[in-house]
Amino acid sequence: MAWAHHSFAMFDRTKPTTIQGTVRKVEWTNPHVFVFVDVPDKSGKTYALECGSINMLARGGWKVNSVKAGDKVTVGLYPLRNGQPGGLLDTLTLPNGVKLK
């Protein structure tokens, strides 16, 4: 069996960014969890946010139902270098003020 993993070079770690929006969906899957957030602007972009593995997030306090579709969130992220709406999630603040990393 061979294991492979992609590089994180596609994210620009020199440009931390913050977005606010509504969670469209959460893909609680391996090798990485993804959170999709609709950002209310004139373009109506949906940001695809890559997170760590389920194991990593669970050790950080996340649960499968910590983030749900419809949650209004504030997200700190490192954007994609190609300018597409997405990035590497750094922090996610829930409506009740709880901050997940």
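Total residues in the stretch 66-101 satisfying the condition of being open to solvent by less than 60 Å² (accessible area, probe 1.4 Å) and in contact (Cβ under 8 Å) with a residue 60 or more places away in the chain: the figure is 8.
Just to be sure before I move on: is Lys63 surrounded by fewer than 17 Cβ atoms within 10 Å (Cβ to Cβ) and in contact (Cβ under 8 Å) with a residue 12 or more places away in the chain in the structure I sent? In short, no. Out of the stretch 53-80, which residues are of a type outside the set (A, V, I, L, M, F, W, C), modelled with pLDDT under 95 and farther than 12 Å from Trp28 by Cβ? Arg59, Gly60, Gly61 - these are the residues of the stretch 53-80 that are of a type outside the set (A, V, I, L, M, F, W, C), modelled with pLDDT under 95 and farther than 12 Å from Trp28 by Cβ.
The values are calculated or read from the model by the stated rules, or taken from the named source; none is laboratory data. This structure is a prediction, so every number in the text was calculated from the model and none was measured. We place every Cβ from the backbone using ideal geometry, glycine too, and count neighbours over all the protein chains shown. Remember, those area values only see protein heavy atoms, side chains included, never the ligands or the DNA or RNA. Shrake-Rupley method; radii C 1.70, N 1.55, O 1.52, S 1.80 Å.
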